[in-house]
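Report on the structure given below.
The values are calculated or read from the model by the stated rules, or taken from the named source; none is laboratory data. Here the structure is a predicted model, which means the values were calculated and not measured. All Cβ positions, glycine included, derive from the backbone under ideal geometry; neighbour counts span all protein chains shown.
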Amino acid sequence: MLSRLSVVANPRDHLAEAVRAAERMSVREETQRRIQAAAASGDLQRLIDELKSQVKEEQEWSAALVDINAELERENRDLRTYKENFEALTRWSEATSTEMEPALEELQVSPDFRELWPALETESDGALVFTESAKESWIDSGYPYPDRMRKALEALARAALSWRAAGGRLGKSMVTWMTEEFGLTYAPDDEGMRRRKIDTFTFGERTLSRLPHVKIDDYVQPDRVGRIYFAIDESANRWIVDHVGIKLGL
């Protein structure tokens, strides 16, 4: 999506205006002093000359005011143009983004979920990421209910984003929170995986636990026991999914 643009218009120079006003007042005071001095001297011609000088100064100042006003009108027109262009560009950007980025639930995906993985990472703003092993495990799993798995993954992406926004402080257990807020069945541990020593994975140079998992069905045929295994990476405020498919260790 295009970023919204901001337009910074040059503000009116209030300091310059104040300086001009002070200068104008000083000039007027000086002119008044000259006129008063000429009147007190009784020299009629001097008084006439001073009055003519005052009229000339006022005419020059009026002309300057006309120029200043014209400049302000030009600035106002420019600001209106900037505003109209910005609003038009924003509307175009939002319309284009809507056309180019369909809602996650409307995204058309292939059976291997190749379009879904990056969409979920984008939807969660990176709070949920997938290892290559996770993507491969889905292809190899043969899990018969891809629509149910997709819905679970979409809910997990929303949960990851919410968890990160809360700083991991949920005010209740993760089990309860996942069920109540996202309709997911969450389990923090799997003793069978521990016994088989398949409870960890390597991500970068780190070894992480993939015991936390989401359950999709239990007590059904082995190829229908859906699971999503992931690590809770508190140091990076994200969840790292390492397996998508059927239950490990069956």
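Observations on the model:
- Among (1) in contact with an Asp or Glu (Cβ under 7 Å, 6 or more places away or on another chain); (2) part of a helix (DSSP H, G or I); (3) modelled with pLDDT of 75 or more - the single one Val27 does not satisfy: (3)
Yes/no per residue for (1) over 32 Å from the mean Cα position of the chain (by Cα); (2) not hydroxyl-bearing (Ser, Thr, Tyr):
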{"site": "Trp117", "(1), (2)": "no, yes"}
{"site": "Asp125", "(1), (2)": "no, yes"}
{"site": "Leu128", "(1), (2)": "no, yes"}
{"site": "Lys135", "(1), (2)": "no, yes"}
{"site": "Pro144", "(1), (2)": "yes, yes"}
{"site": "Thr179", "(1), (2)": "no, no"}
{"site": "Glu205", "(1), (2)": "no, yes"}
{"site": "Ser209", "(1), (2)": "no, no"}
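- For Asp189, the conditions (1) farther than 30 Å from Gln108 by Cβ; (2) surrounded by 16 or more Cβ atoms within 10 Å (Cβ to Cβ); (3) touching a Leu at 6+ places or on another chain (Cβ under 6 Å) all hold with the exception of (2).
- Of the residues making up region 205-250, those that are assigned to a strand (DSSP E or B) and of a type in the set (S, T, N, Q) are Thr207, Ser209.
- Top-ranked residue of region 158-167 - restricted to ones that are of a type outside the set (A, V, I, L, M, F, W, C) and out of contact with any strand residue (DSSP E or B) (no Cβ under 8 Å at 6 or more places or on another chain), ranked as farthest from Asp112 (Cα to Cα): Gly167
- Of Asp147, Asp189, Asp140, all but one fail to be assigned to a helix (DSSP H, G or I) and either more than 20 Å from Glu123 (Cβ to Cβ) or polar (S, T, N, Q) (or both); the exception is Asp140.
- When Ala231, Ala155 are screened for being under 26 Å from Ala119 (Cβ atoms), surrounded by 13 or more Cβ atoms within 10 Å (Cβ to Cβ) and touching a helix residue (DSSP H, G or I) at 6+ places or on another chain (Cβ under 9 Å), only Ala155 passes.
- Within region 142-176, the set of residues being more than 24 Å from Ala103 (Cβ to Cβ) and in contact with a Ser or Thr (Cβ under 9 Å, 6 or more places away or on another chain) comprises Leu170, Val175.
- Single condition Pro188 does not satisfy, out of (1) at pLDDT below 95; (2) in contact with a Pro (Cβ under 8 Å, 6 or more places away or on another chain): (1)
- Count - residues of region 111-137 that are out of contact with any His (no Cβ under 9 Å at 6 or more places or on another chain) and part of a helix (DSSP H, G or I): 11
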